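Here is the structure we will look at, set down as C-alpha cells.
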Amino acid sequence: MAMPVGVAPVLLLLLLPLAAATAAAESDDRDALMAFKAGVTSDPTGVLRSWNETVHFCRWPGVNCTAGRVTSLDVSMGRLAGELSPAVANLTRLVVLNLTSNAFSGSIPGGLGRLRRMRYLSLCDNAFAGEIPDALRNCTALAVAYLNNNNLVGGVPRWLGALPNLAVLRLSHNSLSGRIPPSLANLTKIFRLELDQNLLEGSIPDGLSRLPALGMLALSQNSLAGEIPVGFFNMTSLRGLALADNAFRGELPGDAGARTPNLQYLFLGGNLLAGPISASLSNATALVALSLANNSFAGQVPGEIGTLCPLSLELSNNQLTATDDAGGGWEFMDNLTNCSALAEILLDGNKFAGVMPPSVVRLSPQLEALNLAGNRISGVIPPEIESLVGLQTLCLQSNLFSGEIPEAIGKLKNLRELLLEQNELAGPVPSAIGDLTQLLKLDLSGNSLNGSIPPSLGNLHQLTLLNLSGNELTGHVPSELFTLSSLSLLMDLSDNQLDGPIPPDVGQLTKLAFMALSGNRFSGEVPTELESCQSLEFLDLARNVFVGSIPPSLSGLKGLRRLNLTGNRLSGSIPPELGGMPGLQELYLSRNDLSGGIPASLETMSSLMELDVSYNRLAGQVPVHGVFANTTGLRIAGNTALCGGAARLRLPPCPAPGNSTRRAHLFLKIALPVVAAALCFAVMFALLRWRRKIRSSRTGNAAARSVLNGNYYPRVTYAELAKATDDFADANLVGAGKYGSVYRGTLSLKTKGEFAREDAVVAVKVLDLRQVGASKTFMAECEALRSVKHRNLINIVTCCSSIDMEGNEFRALVFDFMPNYSLDRWLHRAKHTETGKWCGGAGGLGVIQRLDVAVDIADALNYLHNSCNPPIIHCDLKPSNVLLGEDMTACIGDFGLAKLLLDPASHGAAAANTESTIGIRGTIGYVAPEYGTTGMVTASGDVYSFGITLLEIFSGKAPTDGELRDGLTLPEFVAGAFPDNIEEILDVALLLQAEELDGAASSTTSEEESEARVTVRDCLASAIRVGLSCSRRAPYERMAMSVAADEMRLIRDACLRACGK
C-alpha cells in the first residue's frame, strides 16, 4: 500500500531529533575517550597510540561498542600512568571498566557513580589514593569490584551493602581502617569478599556468617579481634576461610566442619585461639590445607584429623600433647600414613612427648617437610626413616632424642635441611651424612656426639651452614671442611675437644660470615690465611691454646664486627693495624700474655663499642677517647702497669717525663743532621724519579706489546681491524664512551690449536688515546682479562697495539660480540628509542629474565672477588657495562677501571698501593660513597655498585633519574616503600607480569592456596631486600658478594617454582 502523501516528511521530521541525539551521544563518547587519553602521562607500550580521528573510536584498542555506544573500556596491563579523567563518567552506556595493573594515581573520580549500567569495575594493582568515593553507591548494577592493591584509605563504605548485585568485592592490600560495616551482610549474592592486609579492627559482623552464596572470605593480616562467628564453621557454600594474623580469641565450636563439605582452605594461624581442636573438622573432607599454627590450642590432636589427608597440616606453636601410651594422642599420625599426597606436616613448638610413633616412617614417600622440633619426643631416631625419600626438610631439634644418628639417614638424597640440635644424641657423626650432597644446612649442635669429624662432610659442596658445637668431638678437623667454599652463613665447631692447628685451607672460606672455633684445644699460631675470609663478620677463637702474636693481617677483614681471641696464650703487642678496621664493634683480647701499650689507633674507631683487654701484661698510657671514654664497654682489669686514661677508670697518673730541657738539647743535636740528610736524599730521589719517568714514557709501548706478545692473545693488525669494521664506519658504531668507541665487525681469526681461520662477529673497542688515562685503561683491561675465564665475563678475543694509516698510535681491544647489547638499553628503552640506539626486541625484560641477569652479574662478581688470584675489583659496574648475549646471558664488560688486589706478601712493593686510586673510580650514582672519601678500592665497592644495579633492574629507575624527588638517592627512594609498598617503586612492567604469573599459578591451584606458597611478588621483594642490603652506606654493613650470589640464586629458583617452571 502506498504511503499517503505528506506522511514521509512527517516521519523524517520525527526521526531527525533521534538521529541528532544519537550523533551527539556518540560524540560525547569520543570526547570522553579523548579526555581519558589526555589524562595518561605515560604510555610505554603504545596502547593508546592509535586513538585518533582516522579510525572510529569503536575500533580503538581496548574499546568495545554496542550500537555505536561504548560499553567496554579495557586497557588492563597496559603500563599506563597518569590520573583517571572524570570524563570517563560520560560513557553512560559503559558496562565494563578494566584498568587492572597500570600505574594510575590520584583519587578515584566520584563521577563514576553516574555509570549506572556498569557491572564490572577493576582498578586493582594501581596507585589510587584517597577514600572510596560515596558516589559509587549509585552503581547499583555492579557485580564485580576489584579495588585491591592500591593506596586507599578511610573506612570500608557502609553503602556497599546496598549494592544488590555485588558478587565479588576485593579491597585487600590497601590501608583501610575502622570496623567492618554490618551492612555487608545484606550482600546476598556475594561469593568472594576479601578485606585482608588492611588496618581493620573490631569484630567480624555476625551477619557475614549467614551470607548464602559466600565462597571465600579473606580477612587475614588486620587487627581484628573478638570471637569468630560460629556460623562460618557450618557454611555449606564456603570454600576458603582466611582469618590468619589477627587477634581472634575463643574456641572452635564442637561441630566445626560438620556442614562445610566444600571447605578447601582453613587458615586460622597467628591468633589467640585456645581450647581443643574439634574432631568435627574431619567432616570437611575437601580440606587441602589446614593451618592452626601460632595459637594456644591444647589437648590431643583428634585422630580423625588424620583422615582428612590434606596437602599441608600446620599445627606449630600451640600446646598440643601426645604420649607413647595407648591412646596417647598419636592416632592422627597413624591415619596420615594413608595420605599419599601429604607434602608437609608441621608440629613444632608443642608438648608432644614419648617415643616417636612408628607411623612417622610410614608416611608418604612424597612428604617434603617433617617438623617435630621443640617438643619432648624421646627415644631413638628410627633407621626406617630412610623410607621418606622425598624429604627436603627434617627438623627434630630441641627434643629428647637419644642414641646414635642412624647411618640410614644418608639415603635421604633430597634432604636440604637436617636439624637435630639440642637433643641427647651420642655416638659418632655418621659418615653417610656426606652422601647428602643437596644439603644446605646441617645442625647437630648441643648433643653428646663423640669421635672425630668425618672427612666425608667435605662432599657437601652446597652447604651454607654447619653447626657441630656443644658436643664431645675430638681430634683434628678434617682439612676438607675448610675447603667448603659454599659455607656462607655459619661454621660453628665451638665447645668440643678438637685439637691441632687450623690448616691454611681456612683461607678458602671466602663466603663465610660467622666462624666460631672457641672452647677447644686448637694450637699453633692464628693462621694469617684468615685474611682471605673477606666475608667474615664474626670470628671467635676464644678459649684455645693459640700461641704467637696476633696477626696484623686480621685488620684486612674490613667487614668484621666481632673478634674474640680471649683465653689463649697469645703474646707480643696489640697490632695498631686493628684500629683500621672500620666496622669492628667488639674486640675481646683478655686472658692472654699480651704486653706493650694499648695502641692509640683504637681510640679513633667510631664503631668500637666493646673492648676487653683485661688480664694481660699491658703497660703505659690508656687513651681517653672513643671506647675508652665509655666505662661500660671497656674492661682493662688485671694490667697493673696501665696508667692515665679517663678519670672514672681510677688509674694512677702516668709518671712525668724527667729533665725535659736536657732531652730537648739532645734531640736537636740528633735531629738536625738527620733532617739535613733527609732533605739531600729527597732531592736525589726526585731527580732519579724524573729520569725514570722519562725512560718509562719511552718504553710504554714496549710494555703494552709485552702483553700482546702472543702468549695470551692472537696477533691482529690495524689493517685487519679496519677491514673488519669497514674502516670503522659509522654504520658499525654500536657505542661510545669516555675512553673510546665500540664497533661491530667480522674478523678472520685462527683458533688456538687450529690452522684454518674462521670468520667471527666481534666488538672492537678503539681507545681514544687523546683522553688522559686511556692507555692505562687499555693495560688494565688486558691485565684483568688475560687470566680470567667465566661464562658471565666478556671474553677478550685479542688486543691490538699498532700504528694507524696516518702514523698515529693505535690501540684496540677485541671482544666477543653481544647481539643484545647492554642491559641499560633494555631497562631504559624509551631513552634509547628516542636517541635511535634501541636495537632490542619489541618486548621488555620479564621477571625471570631480570632475575637471571641479576644472578649472572652476582656470579661474575663473586668469581672476580673470590676465585681470582689476585682478586679483581671491577670498579665500574653499571647496566651499560652489562652486555647480553644471544640467549640473554649477561656478561660484565669494560674493565678499564679494574684493579687487582695484590697480596703484599707475594708481590712486595708493587702491592703497596693496592687500595689506592687516583680520583674517584666508577660512575656517579653507582660508585660507593667511601671511594669519594677514603679513595680505597675494595670488594665492598663492587658490592655497592651491584646493589644499585639490582635496584635499577627491578625499579626501572637509574640512580641519576630525575624522577627521584627531594634529592633522594635510589636506595633511599626504594627503602621508603620497602617492604609493605614495593608496588610504588617496582617497574610497572614487573607488577603487571607478577600479577599475571601469580594469577596463572592460582588458576592451576586456587587463589586461596596462594597464602601458603611463595608468590612472584614475594620473590621481587626478596630481590629488593638484597639490593638494599648491598647498597648500604657503610661498607661493613653490606652483604658479602658470595652471600648475595647465593641469595639471588635461591630467589630466582623460588620464582621459577612460583611460576610453575
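Okay, here's what the table says:
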quantity	calculated
Selection status of Leu287, in contact with a Cys (Cβ under 9 Å, 6 or more places away or on another chain) and in contact (Cβ under 8 Å) with a residue 12 or more places away in the chain	yes
When residues of the range 469-492 are limited to those that are assigned to a loop (DSSP other than H, G, I, E, B) and in contact with a strand residue (DSSP E or B) (Cβ under 7 Å, 6 or more places away or on another chain), the one nearest to Asn862 (Cα to Cα)	Leu487
Subset of the range 1037-1056 that is of a type outside the set (A, V, I, L, M, F, W, C) and part of a helix (DSSP H, G or I) - its residue that is farthest from Val1016 (Cα to Cα)	Glu1037
Meets criteria (surrounded by fewer than 21 Cβ atoms within 10 Å (Cβ to Cβ) and in the same structural domain as Gly82 (by TED's automatic domain parsing)) for Val168	yes
Filtered residues of the range 185-217 (kept if in a strand (DSSP E or B), surrounded by 18 or more Cβ atoms within 10 Å (Cβ to Cβ) and free of Cβ contacts under 8 Å to residues at least 60 places away in the same chain)	Arg192, Leu193, Glu194, Leu200, Leu217
Sole residue being at pLDDT below 85, small (Gly, Ala, Ser), under 27 Å from Thr746 (Cβ atoms) and not assigned by TED's automatic domain parsing to the domain that holds Val766, chosen from Gly885, Gly841, Gly807	Gly841
Test: residue in the range 579-591 that is among the hydrophobic types (A, V, I, L, M, F, W, C), under 30 Å from Arg1033 (Cβ atoms) and part of a strand (DSSP E or B)	yes
Matching option when the condition is closer than 19 Å to Asn262 by Cα, out of contact with any Pro (no Cβ under 6 Å at 6 or more places or on another chain) and not aliphatic (A, V, I, L, M), among Pro302, Pro310	Pro310
Residue list for the range 258-302, filter: in a helix (DSSP H, G or I) and either of a type outside the set (Ser, Thr, Tyr) or farther than 23 Å from Gln319 by Cα (or both)	Ala279, Leu281, Asn283
Members of the range 35-57 that are modelled with pLDDT of 90 or more and crowded, with 17+ Cβ neighbours inside 10 Å	Phe36, Lys37, Gly39, Val40, Asp43, Val47, Leu48, Trp51, Phe57
Pair list, Cβ < 7 Å and 6+ apart or interchain, from the range 363-379 residues that are touching a residue at least 24 places away in the same chain (Cβ under 8 Å) to residues that are among the acidic types (Asp, Glu)	Glu368/Glu344; Ala369/Glu344; Asn371/Asp348; Leu372/Asp348; Ala373/Asp348; Gly374/Asp348
Number of the condition not met by Glu586 [criteria: (1) out of contact with any strand residue (DSSP E or B) (no Cβ under 7 Å at 6 or more places or on another chain); (2) under 20 Å from Leu557 (Cα atoms)]	(1)
Among (1) more than 19 Å from Cys533 (Cβ to Cβ); (2) surrounded by 22 or more Cβ atoms within 10 Å (Cβ to Cβ) - the single one Val1043 does not satisfy	(1)
Number of the condition not met by Leu649 [criteria: (1) without any contact (Cβ under 8 Å) to a residue 40 or more places away in the chain; (2) closer than 20 Å to Ile550 by Cα]	(2)
Of all residues in the range 599-643 being among the polar types (S, T, N, Q) and in a helix (DSSP H, G or I), the one that is surrounded by the fewest Cβ atoms within 10 Å (Cβ to Cβ)	Thr632
Breaking point among (1) crowded, with 21+ Cβ neighbours inside 10 Å; (2) at pLDDT 95 or above, for Asn149	(2)
Candidates Glu586, Glu577, Glu610 - the one that is over 29 Å from Asn866 (Cβ atoms) and not aliphatic (A, V, I, L, M)	Glu610
Lone qualifier among Ser175, Ser223 - being surrounded by fewer than 23 Cβ atoms within 10 Å (Cβ to Cβ), over 23 Å from Ser296 (Cα atoms), modelled with pLDDT under 95 and small (Gly, Ala, Ser)	Ser175
Residue within the range 59-74 that is without any contact (Cβ under 8 Å) to a residue 24 or more places away in the chain and either in contact with a Lys or Arg (Cβ under 7 Å, 6 or more places away or on another chain) or in a helix (DSSP H, G or I) (or both) present	yes
Selection from the range 218-257 of residues that are of a type in the set (Phe, Trp, Tyr) and either farther than 18 Å from Val288 by Cα or part of a strand (DSSP E or B) (or both)	Phe248
Tabulated pairs, the range 236-250, first assigned by TED's automatic domain parsing to the domain that holds Leu211 and of a type in the set (S, T, N, Q), second assigned to a strand (DSSP E or B) and surrounded by 15 or more Cβ atoms within 10 Å (Cβ to Cβ), C-beta under 8 angstrom, 6+ apart or interchain	Asn246/Leu224; Asn246/Ala225
Every residue from the range 1-34 that is of a type in the set (S, T, N, Q) and modelled with pLDDT of 70 or more	Ser27
Lone qualifier among Ala298, Ala326, Ala279, Ala284 - being among the aliphatic types (A, V, I, L, M) and touching a strand residue (DSSP E or B) at 6+ places or on another chain (Cβ under 6 Å)	Ala298
Lone qualifier among Gly354, Gly328 - being small (Gly, Ala, Ser) and surrounded by fewer than 17 Cβ atoms within 10 Å (Cβ to Cβ)	Gly328
Of all residues in the range 431-468 being aliphatic (A, V, I, L, M) and part of a loop (DSSP other than H, G, I, E, B), the one that is nearest to Ala516 (Cα to Cα)	Leu468
Residue match in the range 583-590 (condition: closer than 24 Å to Glu930 by Cα, under 46 Å from the mean Cα position of the chain (by Cα) and hydrophobic (A, V, I, L, M, F, W, C))	yes
Residues (over 22 Å from the mean Cα position of the chain (by Cα) and closer than 10 Å to Val788 by Cα) located in the range 855-878	Ser867, Cys868, Asn869, Ile872
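Residue-by-condition table, conditions (1) of a type in the set (Ser, Thr, Tyr); (2) farther than 17 Å from Val429 by Cα; (3) in contact with an Asp or Glu (Cβ under 6 Å, 6 or more places away or on another chain); (4) not in a loop (DSSP other than H, G, I, E, B):
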| position | (1), (2), (3), (4) |
| --- | --- |
| Ala373 | no, yes, yes, no |
| Gly379 | no, yes, no, yes |
| Ser398 | yes, yes, no, no |
| Gly403 | no, no, no, yes |
| Ile409 | no, no, no, yes |
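The values are calculated or read from the model by the stated rules, or taken from the named source; none is laboratory data. Please read all numbers here as calculations on a predicted model, not as lab measurements. Heads up, the Cβs are rebuilt from the backbone with ideal geometry, glycines too, and the neighbour counts pull from every protein chain shown.
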